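Note sheet for the following structure.
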Amino acid sequence: MDREAAVARRPRGRRTQILLAAAEQFHRRGYHQVAMAEVAAAVGITAPALYRHYRGKPELLRQAVRGGLDELDRAVTAAGARPERGPVALAEALAAVALDQRALGTLCQRDARLLPAAQRSELRRQLCATVRSGAGQLRTARPELATGEAELLLWSALSVGGSLSYHTFAPPRRRFEQLLSGLLRGVLEAEVDTTSDAMSKRRVDEEEPVGRREELLAAAVRLFDERGFDNVSTDRIGAAVGIAGPSLYKHFPTKVDLLAAALVRCRERLWHEVAGTLAGPGEPAAMLVNGLAAYVDFARRHHHYLGAMVSETERLAEPDRTRAVDFRRDFLRLWVDLLRQVRPEYDKAEARIRVHAMFALVNDGVRHPAWRRTGQPAPGLAQLAGIVLGLPGAA
(Lines give C-alpha, C1' and ligand atoms only; values in the text may rest on other atoms or scores of the structure.)
Protein backbone atom coordinates (compact mmCIF):
# COMPACT_ATOMS: atom_id res chain seq x y z
CA MET A 1 0.00 0.00 0.00
CA ASP A 2 2.84 2.39 0.90
CA ARG A 3 4.58 1.51 -2.36
CA GLU A 4 1.44 2.34 -4.35
CA ALA A 5 1.10 5.66 -2.53
CA ALA A 6 4.72 6.53 -3.28
CA VAL A 7 4.20 5.77 -6.97
CA ALA A 8 1.14 8.02 -6.97
CA ARG A 9 3.11 10.84 -5.37
CA ARG A 10 6.07 10.45 -7.70
CA PRO A 11 4.92 9.44 -11.18
CA ARG A 12 7.53 8.24 -13.64
CA GLY A 13 9.24 11.05 -15.48
CA ARG A 14 8.75 13.65 -12.78
CA ARG A 15 12.31 14.95 -13.10
CA THR A 16 11.81 15.29 -16.86
CA GLN A 17 8.54 17.13 -16.31
CA ILE A 18 10.32 19.55 -13.97
CA LEU A 19 13.12 20.18 -16.46
CA LEU A 20 10.68 20.82 -19.30
CA ALA A 21 8.65 23.23 -17.17
CA ALA A 22 11.78 25.04 -15.98
CA ALA A 23 13.21 25.30 -19.49
CA GLU A 24 9.96 26.77 -20.80
CA GLN A 25 9.71 29.33 -18.00
CA PHE A 26 13.37 30.35 -18.22
CA HIS A 27 12.96 30.67 -21.98
CA ARG A 28 9.81 32.78 -21.80
CA ARG A 29 10.67 35.05 -18.91
CA GLY A 30 14.41 34.83 -18.23
CA TYR A 31 16.21 32.94 -15.50
CA HIS A 32 16.19 35.71 -12.89
CA GLN A 33 12.46 36.31 -13.31
CA VAL A 34 11.45 32.73 -12.45
CA ALA A 35 11.08 31.44 -8.88
CA MET A 36 11.40 27.80 -7.89
CA ALA A 37 7.85 27.94 -6.54
CA GLU A 38 6.60 28.89 -10.01
CA VAL A 39 8.36 25.93 -11.60
CA ALA A 40 6.89 23.67 -8.94
CA ALA A 41 3.39 25.03 -9.56
CA ALA A 42 3.73 24.42 -13.28
CA VAL A 43 4.38 20.75 -12.55
CA GLY A 44 1.71 20.50 -9.86
CA ILE A 45 3.98 19.94 -6.87
CA THR A 46 5.13 22.04 -3.93
CA ALA A 47 8.44 23.90 -3.77
CA PRO A 48 9.80 21.56 -1.03
CA ALA A 49 8.99 18.61 -3.28
CA LEU A 50 10.89 20.29 -6.12
CA TYR A 51 13.97 20.64 -3.91
CA ARG A 52 13.95 16.88 -3.39
CA HIS A 53 14.71 16.56 -7.10
CA TYR A 54 17.03 19.56 -7.62
CA ARG A 55 19.18 21.41 -5.10
CA GLY A 56 18.33 24.86 -6.40
CA LYS A 57 17.68 27.01 -9.43
CA PRO A 58 21.27 26.94 -10.78
CA GLU A 59 21.16 23.14 -10.78
CA LEU A 60 17.80 23.25 -12.51
CA LEU A 61 19.19 25.52 -15.23
CA ARG A 62 22.32 23.41 -15.71
CA GLN A 63 20.32 20.21 -16.04
CA ALA A 64 17.80 21.84 -18.39
CA VAL A 65 20.61 22.94 -20.71
CA ARG A 66 22.33 19.58 -20.44
CA GLY A 67 19.07 17.79 -21.23
CA GLY A 68 18.63 19.83 -24.40
CA LEU A 69 22.22 19.19 -25.43
CA ASP A 70 21.73 15.47 -24.80
CA GLU A 71 18.77 15.51 -27.20
CA LEU A 72 20.87 17.33 -29.77
CA ASP A 73 23.69 14.80 -29.45
CA ARG A 74 21.29 11.87 -29.80
CA ALA A 75 19.83 13.41 -32.95
CA VAL A 76 23.26 13.95 -34.51
CA THR A 77 24.29 10.40 -33.61
CA ALA A 78 21.10 9.02 -35.16
CA ALA A 79 21.76 10.99 -38.35
CA GLY A 80 25.21 9.43 -38.49
CA ALA A 81 23.59 6.00 -38.64
CA ARG A 82 22.23 6.96 -42.08
CA PRO A 83 25.41 7.99 -43.92
CA GLU A 84 23.88 7.27 -47.32
CA ARG A 85 21.58 10.29 -46.84
CA GLY A 86 24.44 12.65 -46.03
CA PRO A 87 23.53 16.25 -45.14
CA VAL A 88 19.81 15.52 -45.64
CA ALA A 89 19.68 13.23 -42.60
CA LEU A 90 21.64 15.73 -40.52
CA ALA A 91 19.39 18.62 -41.58
CA GLU A 92 16.24 16.66 -40.73
CA ALA A 93 17.64 15.63 -37.36
CA LEU A 94 18.63 19.19 -36.45
CA ALA A 95 15.26 20.53 -37.57
CA ALA A 96 13.40 18.06 -35.34
CA VAL A 97 15.52 19.00 -32.31
CA ALA A 98 15.06 22.71 -33.01
CA LEU A 99 11.29 22.28 -33.00
CA ASP A 100 11.16 19.96 -29.99
CA GLN A 101 13.70 21.99 -27.98
CA ARG A 102 12.73 25.55 -28.90
CA ALA A 103 13.97 26.83 -25.55
CA LEU A 104 17.49 25.50 -26.06
CA GLY A 105 18.74 28.51 -28.03
CA THR A 106 17.91 31.04 -25.32
CA LEU A 107 18.99 28.70 -22.54
CA CYS A 108 22.43 28.22 -24.12
CA GLN A 109 23.05 31.77 -25.25
CA ARG A 110 21.32 33.89 -22.64
CA ASP A 111 20.78 31.97 -19.42
CA ALA A 112 23.76 29.60 -19.32
CA ARG A 113 26.05 32.66 -18.98
CA LEU A 114 24.73 32.94 -15.43
CA LEU A 115 26.14 29.56 -14.37
CA PRO A 116 29.55 29.17 -12.67
CA ALA A 117 32.50 29.11 -15.06
CA ALA A 118 33.24 25.41 -14.54
CA GLN A 119 29.67 24.45 -15.40
CA ARG A 120 29.65 26.70 -18.46
CA SER A 121 32.85 25.06 -19.64
CA GLU A 122 31.38 21.61 -19.14
CA LEU A 123 28.32 22.44 -21.23
CA ARG A 124 30.48 24.10 -23.88
CA ARG A 125 32.64 20.97 -24.15
CA GLN A 126 29.53 18.86 -24.57
CA LEU A 127 28.25 21.08 -27.37
CA CYS A 128 31.65 21.21 -29.09
CA ALA A 129 31.86 17.41 -29.02
CA THR A 130 28.49 17.20 -30.75
CA VAL A 131 29.62 19.73 -33.37
CA ARG A 132 32.77 17.71 -34.03
CA SER A 133 30.68 14.58 -34.45
CA GLY A 134 28.34 16.29 -36.89
CA ALA A 135 31.26 17.83 -38.76
CA GLY A 136 32.80 14.39 -39.11
CA GLN A 137 29.59 13.11 -40.67
CA LEU A 138 29.53 16.08 -43.01
CA ARG A 139 33.11 15.46 -44.11
CA THR A 140 32.26 11.83 -44.82
CA ALA A 141 29.54 13.02 -47.19
CA ARG A 142 31.60 15.96 -48.47
CA PRO A 143 35.29 14.97 -48.34
CA GLU A 144 36.30 18.19 -50.09
CA LEU A 145 35.59 20.11 -46.87
CA ALA A 146 38.38 20.91 -44.45
CA THR A 147 37.66 20.23 -40.79
CA GLY A 148 37.30 23.93 -40.02
CA GLU A 149 34.88 24.44 -42.90
CA ALA A 150 32.72 21.52 -41.83
CA GLU A 151 32.60 22.79 -38.26
CA LEU A 152 31.73 26.29 -39.48
CA LEU A 153 28.77 24.85 -41.40
CA LEU A 154 27.64 22.88 -38.32
CA TRP A 155 27.82 25.94 -36.08
CA SER A 156 25.91 27.93 -38.69
CA ALA A 157 23.23 25.25 -38.91
CA LEU A 158 22.87 25.27 -35.12
CA SER A 159 22.41 29.04 -35.24
CA VAL A 160 19.63 28.67 -37.80
CA GLY A 161 17.91 26.04 -35.65
CA GLY A 162 18.39 28.09 -32.50
CA SER A 163 16.72 31.11 -34.11
CA LEU A 164 13.35 29.49 -33.35
CA SER A 165 13.93 30.43 -29.72
CA TYR A 166 13.55 34.10 -30.57
CA HIS A 167 10.11 34.15 -32.13
CA THR A 168 6.81 32.89 -30.84
CA PHE A 169 4.75 32.28 -33.97
CA ALA A 170 4.71 28.84 -35.57
CA PRO A 171 3.21 27.49 -38.80
CA PRO A 172 1.79 23.95 -38.76
CA ARG A 173 4.41 21.47 -37.55
CA ARG A 174 4.85 19.64 -40.86
CA ARG A 175 5.36 22.81 -42.86
CA PHE A 176 7.63 24.28 -40.20
CA GLU A 177 9.81 21.16 -40.20
CA GLN A 178 10.01 21.07 -43.99
CA LEU A 179 10.98 24.73 -44.18
CA LEU A 180 13.56 24.48 -41.44
CA SER A 181 15.03 21.28 -42.90
CA GLY A 182 15.40 23.07 -46.23
CA LEU A 183 17.21 26.01 -44.63
CA LEU A 184 19.54 23.70 -42.73
CA ARG A 185 20.24 21.60 -45.80
CA GLY A 186 21.09 24.77 -47.72
CA VAL A 187 23.67 25.67 -45.08
CA LEU A 188 25.15 22.18 -44.77
CA GLU A 189 25.45 21.78 -48.55
CA ALA A 190 26.89 25.26 -49.14
CA GLU A 191 30.09 25.65 -51.12
CA VAL A 192 31.76 28.11 -48.79
CA ASP A 193 33.88 30.60 -50.72
CA THR A 194 36.40 31.89 -48.21
CA THR A 195 37.66 34.48 -50.69
CA SER A 196 34.28 36.01 -51.56
CA ASP A 197 34.03 38.11 -48.42
CA ALA A 198 36.47 40.96 -48.81
CA MET A 199 36.03 42.02 -45.22
CA SER A 200 37.34 38.68 -44.00
CA LYS A 201 40.80 39.67 -45.26
CA ARG A 202 41.26 42.47 -42.77
CA ARG A 203 41.20 42.68 -39.04
CA VAL A 204 37.98 44.12 -37.62
CA ASP A 205 38.54 46.52 -34.75
CA GLU A 206 35.99 48.00 -32.39
CA GLU A 207 35.59 51.76 -32.57
CA GLU A 208 37.33 53.49 -29.68
CA PRO A 209 34.83 55.28 -27.41
CA VAL A 210 35.40 58.99 -26.87
CA GLY A 211 34.63 60.46 -23.44
CA ARG A 212 33.90 58.89 -20.07
CA ARG A 213 30.19 58.38 -20.77
CA GLU A 214 30.93 56.57 -24.02
CA GLU A 215 33.59 54.46 -22.28
CA LEU A 216 31.03 53.41 -19.66
CA LEU A 217 28.48 52.51 -22.33
CA ALA A 218 30.99 50.41 -24.26
CA ALA A 219 32.33 48.64 -21.14
CA ALA A 220 28.88 48.00 -19.71
CA VAL A 221 27.40 46.59 -22.88
CA ARG A 222 30.38 44.23 -23.27
CA LEU A 223 30.00 42.98 -19.70
CA PHE A 224 26.20 42.69 -19.95
CA ASP A 225 26.60 40.65 -23.13
CA GLU A 226 29.31 38.37 -21.74
CA ARG A 227 28.06 37.87 -18.18
CA GLY A 228 24.41 38.93 -18.06
CA PHE A 229 22.98 42.11 -16.58
CA ASP A 230 22.36 40.67 -13.10
CA ASN A 231 25.90 39.29 -12.84
CA VAL A 232 27.59 42.63 -13.48
CA SER A 233 28.10 45.04 -10.59
CA THR A 234 28.66 48.77 -10.84
CA ASP A 235 32.10 48.19 -9.30
CA ARG A 236 33.00 45.85 -12.18
CA ILE A 237 31.78 48.37 -14.76
CA GLY A 238 33.73 51.15 -13.09
CA ALA A 239 36.88 49.06 -12.88
CA ALA A 240 36.64 48.38 -16.61
CA VAL A 241 37.15 52.08 -17.32
CA GLY A 242 39.39 52.87 -14.36
CA ILE A 243 36.96 54.58 -12.00
CA ALA A 244 35.25 53.65 -8.72
CA GLY A 245 31.86 51.97 -9.09
CA PRO A 246 29.86 54.78 -7.40
CA SER A 247 31.30 57.28 -9.90
CA LEU A 248 29.07 55.64 -12.50
CA TYR A 249 26.11 57.45 -10.93
CA LYS A 250 27.54 60.79 -12.05
CA HIS A 251 26.63 59.71 -15.58
CA PHE A 252 23.62 57.41 -15.12
CA PRO A 253 21.02 57.38 -12.32
CA THR A 254 20.91 53.56 -12.10
CA LYS A 255 22.42 50.49 -13.72
CA VAL A 256 19.13 49.95 -15.58
CA ASP A 257 19.41 53.47 -17.00
CA LEU A 258 22.91 52.59 -18.19
CA LEU A 259 21.53 49.51 -19.95
CA ALA A 260 18.72 51.55 -21.49
CA ALA A 261 21.18 54.16 -22.79
CA ALA A 262 23.43 51.45 -24.25
CA LEU A 263 20.55 49.83 -26.11
CA VAL A 264 19.32 53.20 -27.37
CA ARG A 265 22.81 53.78 -28.77
CA CYS A 266 22.71 50.38 -30.47
CA ARG A 267 19.31 51.07 -32.02
CA GLU A 268 20.44 54.46 -33.30
CA ARG A 269 23.52 53.00 -34.93
CA LEU A 270 21.68 50.01 -36.33
CA TRP A 271 18.98 52.17 -37.87
CA HIS A 272 21.45 54.68 -39.28
CA GLU A 273 23.87 52.11 -40.75
CA VAL A 274 21.52 49.32 -41.85
CA ALA A 275 17.90 50.42 -42.03
CA GLY A 276 18.76 53.33 -44.29
CA THR A 277 20.29 50.90 -46.76
CA LEU A 278 17.14 48.78 -46.78
CA ALA A 279 14.71 51.68 -47.04
CA GLY A 280 16.48 53.77 -49.64
CA PRO A 281 15.69 54.04 -53.34
CA GLY A 282 16.81 51.33 -55.68
CA GLU A 283 16.11 47.87 -57.02
CA PRO A 284 14.88 45.59 -54.19
CA ALA A 285 17.36 42.73 -54.80
CA ALA A 286 20.32 45.11 -54.78
CA MET A 287 19.00 46.86 -51.67
CA LEU A 288 18.66 43.53 -49.87
CA VAL A 289 22.20 42.46 -50.80
CA ASN A 290 23.58 45.82 -49.68
CA GLY A 291 21.51 45.69 -46.50
CA LEU A 292 22.89 42.26 -45.67
CA ALA A 293 26.45 43.46 -46.20
CA ALA A 294 25.74 46.43 -43.94
CA TYR A 295 24.28 44.21 -41.24
CA VAL A 296 27.22 41.80 -41.31
CA ASP A 297 29.61 44.75 -41.09
CA PHE A 298 27.65 46.21 -38.18
CA ALA A 299 27.57 42.87 -36.35
CA ARG A 300 31.32 42.49 -36.67
CA ARG A 301 31.98 45.91 -35.19
CA HIS A 302 29.19 45.95 -32.60
CA HIS A 303 28.53 42.33 -31.67
CA HIS A 304 28.34 43.17 -27.97
CA TYR A 305 25.58 45.69 -28.62
CA LEU A 306 23.60 43.16 -30.62
CA GLY A 307 24.16 40.49 -27.99
CA ALA A 308 22.89 42.76 -25.23
CA MET A 309 19.94 43.82 -27.36
CA VAL A 310 18.90 40.19 -27.83
CA SER A 311 19.49 39.01 -24.27
CA GLU A 312 18.90 41.97 -21.98
CA THR A 313 15.89 43.85 -23.38
CA GLU A 314 13.60 42.19 -20.85
CA ARG A 315 15.64 43.72 -18.02
CA LEU A 316 14.60 47.23 -19.06
CA ALA A 317 11.95 49.16 -17.19
CA GLU A 318 8.85 50.43 -18.92
CA PRO A 319 8.54 52.38 -21.19
CA ASP A 320 12.12 51.64 -22.35
CA ARG A 321 11.25 47.97 -22.86
CA THR A 322 8.25 48.85 -25.01
CA ARG A 323 10.36 51.13 -27.19
CA ALA A 324 13.01 48.43 -27.59
CA VAL A 325 10.43 45.79 -28.56
CA ASP A 326 8.77 48.19 -30.99
CA PHE A 327 12.13 48.87 -32.63
CA ARG A 328 12.85 45.17 -33.07
CA ARG A 329 9.42 44.65 -34.57
CA ASP A 330 9.88 47.55 -37.01
CA PHE A 331 13.39 46.43 -37.95
CA LEU A 332 12.18 42.89 -38.60
CA ARG A 333 9.23 44.16 -40.67
CA LEU A 334 11.59 46.19 -42.84
CA TRP A 335 13.58 43.07 -43.72
CA VAL A 336 10.50 40.89 -44.21
CA ASP A 337 8.79 43.38 -46.54
CA LEU A 338 11.90 43.80 -48.66
CA LEU A 339 12.56 40.06 -48.81
CA ARG A 340 9.00 39.44 -50.00
CA GLN A 341 9.52 41.96 -52.78
CA VAL A 342 12.58 40.01 -53.91
CA ARG A 343 11.00 36.58 -53.32
CA PRO A 344 7.22 37.07 -53.72
CA GLU A 345 6.66 33.31 -53.40
CA TYR A 346 7.47 33.58 -49.69
CA ASP A 347 4.48 34.24 -47.47
CA LYS A 348 4.95 36.41 -44.40
CA ALA A 349 5.59 33.45 -42.09
CA GLU A 350 8.36 32.02 -44.26
CA ALA A 351 9.97 35.41 -44.74
CA ARG A 352 9.96 36.02 -40.98
CA ILE A 353 11.51 32.62 -40.29
CA ARG A 354 14.24 33.26 -42.85
CA VAL A 355 15.03 36.74 -41.52
CA HIS A 356 15.18 35.50 -37.93
CA ALA A 357 17.50 32.70 -39.07
CA MET A 358 19.73 35.21 -40.85
CA PHE A 359 19.99 37.40 -37.75
CA ALA A 360 20.96 34.40 -35.61
CA LEU A 361 23.50 33.09 -38.11
CA VAL A 362 25.24 36.47 -38.40
CA ASN A 363 25.06 37.35 -34.70
CA ASP A 364 26.56 33.97 -33.77
CA GLY A 365 28.97 33.87 -36.68
CA VAL A 366 30.82 37.01 -35.63
CA ARG A 367 31.41 35.29 -32.27
CA HIS A 368 33.01 32.22 -33.84
CA PRO A 369 36.00 31.15 -31.68
CA ALA A 370 38.48 31.64 -34.51
CA TRP A 371 37.26 35.21 -34.94
CA ARG A 372 37.50 35.94 -31.23
CA ARG A 373 41.09 34.67 -31.10
CA THR A 374 42.44 36.41 -34.20
CA GLY A 375 40.07 39.27 -34.94
CA GLN A 376 39.36 37.69 -38.33
CA PRO A 377 35.63 37.22 -39.12
CA ALA A 378 34.33 33.78 -39.99
CA PRO A 379 34.77 33.34 -43.75
CA GLY A 380 31.70 33.00 -45.94
CA LEU A 381 29.39 34.53 -43.31
CA ALA A 382 27.58 36.86 -45.70
CA GLN A 383 27.31 34.03 -48.24
CA LEU A 384 25.66 31.69 -45.73
CA ALA A 385 23.33 34.45 -44.58
CA GLY A 386 22.33 35.02 -48.20
CA ILE A 387 21.56 31.31 -48.60
CA VAL A 388 19.31 31.42 -45.54
CA LEU A 389 17.45 34.44 -46.91
CA GLY A 390 17.12 32.72 -50.27
CA LEU A 391 18.92 35.46 -52.19
CA PRO A 392 19.32 34.66 -55.87
CA GLY A 393 22.83 33.43 -56.61
CA ALA A 394 23.80 32.99 -52.93
CA ALA A 395 24.07 29.18 -53.02
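The values are calculated or read from the model by the stated rules, or taken from the named source; none is laboratory data. Note that this is a predicted model, so its numbers are computed, not measured. Note that we place each Cβ from the backbone using ideal geometry, even for glycine, and neighbour counts take in every protein chain shown. Ligands, DNA and RNA are stripped out before the accessible areas are found, and what is left, the full protein with its side chains, is counted by its heavy atoms. Shrake-Rupley method; radii C 1.70, N 1.55, O 1.52, S 1.80 Å.
In table form, for the structure just shown:
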{"item": "log10 of Debye I(q)/I(0), alpha-carbon scatterers only, for the range 90-150 at 0.21, 0.23 Å⁻¹", "result": "-0.95, -1.01"}
{"item": "Residue-level accessible surface for Arg110, protein heavy atoms, 1.4 Å, Å²", "result": "30"}
{"item": "Estimated dipole of the range 265-395 in Debye, rounded to 20 [Cβ of Lys and Arg +1, of Asp and Glu -1, Cα centre]", "result": "360"}
{"item": "Within straight-line cross-link reach of Lys348, aspartates and glutamates at Cα separation under 20 Å, skipping those fewer than 8 residues along the same chain", "result": "Glu177, Asp326, Asp330, Asp337"}
{"item": "Leading residue at positive end of dipole, the chain (Cβ point charges), from Ala244, Tyr31, Ala150", "result": "Tyr31"}
{"item": "Farthest positive-ward along the chain dipole, Cα basis, beta-carbon charges - from Gln137, Ala279, Val362", "result": "Gln137"}
{"item": "Furthest towards positive pole of dipole, Ala299, Trp335, Met309, structure part the range 293-350, Cβ charges", "result": "Ala299"}
{"item": "Cubic angstrom per residue, convex hull over Cα atoms of the chain", "result": "161"}
{"item": "Cα-centre dipole for the chain with unit charges at Cβ (Lys and Arg positive, Asp and Glu negative), debye to 20", "result": "1140"}
{"item": "The range 247-299: radius of gyration and largest Cα-Cα distance (Dmax), Å", "result": "15.8, 50"}
{"item": "List Ser156, Ser121, ordered by accessible area with a 1.4 Å probe, largest first", "result": "Ser121, Ser156"}
{"item": "Peptides 382-390, 235-243 ordered by average Cβ neighbours within 10 Å, highest first", "result": "382-390, 235-243"}
{"item": "Surface per residue (accessible, 1.4 Å probe) for the chain, Å²", "result": "46"}
{"item": "The chain, accessible surface, carbon-and-sulfur percent (1.4 angstrom probe)", "result": "52"}
{"item": "Within the chain, helix-based [θ] at 222 nm, where runs of 4 or more DSSP H residues each add -39,500 (n - 2.57), nearest 500", "result": "-21500 deg cm²/dmol"}
{"item": "Solvent accessible area, Å² - Glu268, 1.4 Å probe, full protein context", "result": "100"}
{"item": "Calculated diffusion of the range 53-155, Stokes-Einstein form, Kirkwood radius summed over Cα pairs, 37 °C and 0.692 mPa s, µm²/s", "result": "228"}
